[in-house]
Amino acid sequence: MKKMSNENLNQMVEKMVEMRKMLGISRVELAKRTGLNQTLIRKLERGMDRAHVDDYMMIIDTLTMEMLVRDLLPKDRKNQ
């Protein structure tokens, strides 16, 4: 398996942060939903630390599921 470049990793993390903010999820809430430490999430988002691929996948899965739930709600329930 090919190693992910720093540039690609940074782009992925930027997208994760963008998605989290777009969904209105705080780092604290993301930590609760993923079971990861909030400090780790902060460090990952700021590029101060790296995580195991499983941690990144857990964050991405959580954000993606939140987007699916939001986007699949009937239109009359989205504004509630």
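Values for this structure:
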read-out: Members of region 49-80 found to be hydrophobic (A, V, I, L, M, F, W, C), surrounded by fewer than 12 Cβ atoms within 10 Å (Cβ to Cβ) and modelled with pLDDT under 85, listed by number; value: 53, 68, 69, 72
read-out: Residues of region 34-57 classified as in a loop (DSSP other than H, G, I, E, B) and among the polar types (S, T, N, Q), total; value: 1
read-out: Count of residues meeting criterion [assigned to a helix (DSSP H, G or I), free of Cβ contacts under 8 Å to residues at least 12 places away in the same chain and over 26 Å from residue 69 (Cα atoms)] in region 1-16; value: 3
read-out: Residues satisfying the stated conditions in region 17-33, i.e. within 17 Å of residue 69 (Cα to Cα), open to solvent by less than 100 Å² (accessible area, probe 1.4 Å) and in a helix (DSSP H, G or I); value: 19, 20, 23, 29, 30
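The values are calculated or read from the model by the stated rules, or taken from the named source; none is laboratory data. All of these numbers come straight from a predicted model, not from anything done at the bench. In this analysis, Cβ positions are derived from the backbone assuming ideal geometry, glycine residues included, and neighbour counts consider all displayed protein chains. Surface areas here come from the heavy atoms of the whole protein model, side chains and all, with no ligands, DNA or RNA. Shrake-Rupley method; radii C 1.70, N 1.55, O 1.52, S 1.80 Å.
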